[in-house]
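Here is the structure we will look at.
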Amino acid sequence: MPTRFATLLLAVSAVLRAQPAKLPPDVDPRSYSRLPLVQRGELDANGQRVYDQFNPKDQATPRLGPTAALLYSPEVAEPFEKLNDAERKTTAGTHYFEICTLIAAREFDQQYVWSAHELNAQRAGVEQRIIAAIKFDRGVEDLPEKDAVLIRFGRDLFRAHKVSSPLYAQMVELFGKRGLVELTVILGDYAMTSLVLNAVDQQLPPGRKALLPEK
């Protein structure tokens with residue numbers, strides 16, 4: 001039987017875990033970033049059209065994260081969204097799309113992107129050992145060939161800023177020339193997303209668990 005003191009400690013711990021983390025002083029409490037949410041009435045007619053695409057009237061709350069930040073520039077937000085939609089229909093498929101999002105999020109330590117896409121990757125059938133290899137920057141020797149080659153490809157692009165001829169040839173053999181281009185674009189897109197969210201210090205909203213450890 002736990003003592004009364006131990007029971008009290010457990011109760012206090014549970015309360016503390018339930019409380020939202022304190023936000024940095026320059027972070028807005030509604031957007032959870034340094035940028036307050038854009039108000040529809042602040043935008044011109046074209047901006048309002050784009051705003052309505054991202055925040056339909058039947059949607060209870062405005063979208064957060066990259067969408068909220070990019071609405072500060074509707075002319076950028078609209079093609080950004082179209083590109084992201086197109087990337088989800090590439091020849092490589094959802095499995096490798098999600099691996100690319102995780103590679104980029106890990107390289108930029110982007111908690112908001114990672115916390116969403118680790119779950120998406122699991123739903124897309126990416127094995128946890130593959131996710132863990134990216135998350136903890138592990139070797140890929142024991143992973144399936146296509147997953148391992150893609151992770152090496154992404155790491156080399158982000159870290160060495162180039163890809164060797166043998167690795168390029170492996171990517172083309174496994175994914176085709178079109179697949180290589182599409183996967184590279186996905187890596188770049190989520191690098192850009194990570195940069196935007198890092199710039200505005202995007203925090204996780206209440207209820208979203210932080211899944212990415214600090215390096």
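Each reported figure results from applying straightforward, stated rules to the coordinates on display, with no laboratory input. These numbers come from a predicted model, not from an experiment. Here the Cβ is made from the backbone with ideal geometry for all residues, glycine too, and neighbour counts use every protein chain on show.
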Placing +1 at every Lys and Arg Cβ and -1 at every Asp and Glu Cβ, with all other atoms neutral, what dipole size does the chain have around its Cα centre, in debye to the nearest 20?
580 debye
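Counting other beta carbons within 10 Å of each residue's own, what order do T67, T91, T61, T193 fall into, fewest first?
Working: T67 18, T91 12, T61 9, T193 24.
Result, fewest neighbours first: T61, T91, T67, T193.
Report, in cubic angstrom per residue, the convex hull volume of the C-alpha atoms of segment 21-140. Mind dumping the intermediate values first?
Numbers: hull volume 16.9 nm³, N = 120.
Once divided by residue count, the hull of segment 21-140 is 141 Å³.
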Please identify the trypsin sites (Lys or Arg not before Pro) of segment 82-150 that satisfy two criteria: DSSP loop assignment and at most 15 other Cβ atoms within 10 Å. Which are they?
R88, K89, R138
Would you mind checking the radius of gyration and Dmax of segment 35-87 based on alpha-carbon positions, in Å?
10.4, 31
Largest-first principal axis extents of the Cα set of segment 68-128 (Å)
37, 27, 17
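Measure up K57/K82; K22/K82; K135/K209; K22/K89 against 27 Å on the Cα-Cα distance and list the ones that go over. Mind dumping the intermediate values first?
On the way: K57/K82 20 Å; K22/K82 34 Å; K135/K209 15 Å; K22/K89 38 Å.
Distance filter (> 27 Å) returns K22/K82; K22/K89.
Among S194, S115, S31, S164, rank each residue by its count of other Cβ atoms within 10 Å, from fewest to most, as a rough exposure measure.
Numbers: S194 24, S115 17, S31 20, S164 12.
Final ranking by Cβ density, sparse to dense: S164, S115, S31, S194.
How about segment 172-215: which GluC sites (Glu not before Pro) there lie in a loop by DSSP and see at most 11 other Cβ atoms within 10 Å? Kindly include the intermediate steps, with their values, before the conclusion.
On the way: sites: E173, E182, E214; in loops: E214.
When the GluC sites (Glu not before Pro) of segment 172-215 are filtered for loop state and at most 11 Cβ neighbours within 10 Å, E214 remain.
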Between [x] 17.2, 58; [y] 15.7, 45; [z] 20.1, 66, the structure-derived Rg and Dmax of the Cα atoms in Å is [z]
If you keep only loop residues by DSSP, which GluC sites (Glu not before Pro) in segment 116-148 have at most 11 other Cβ atoms within 10 Å of their Cβ?
E141
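Would you compute, from DSSP H runs of 4+ residues alone, the mean residue ellipticity of the chain at 222 nm, taking -39500 (n - 2.57) per run and dividing by the full residue count, rounded to the nearest 500? Kindly include the intermediate steps, with their values, before the conclusion.
Values: 9 runs with 129 residues, N = 215.
Calculated mean residue ellipticity at 222 nm is -19500 deg cm²/dmol.
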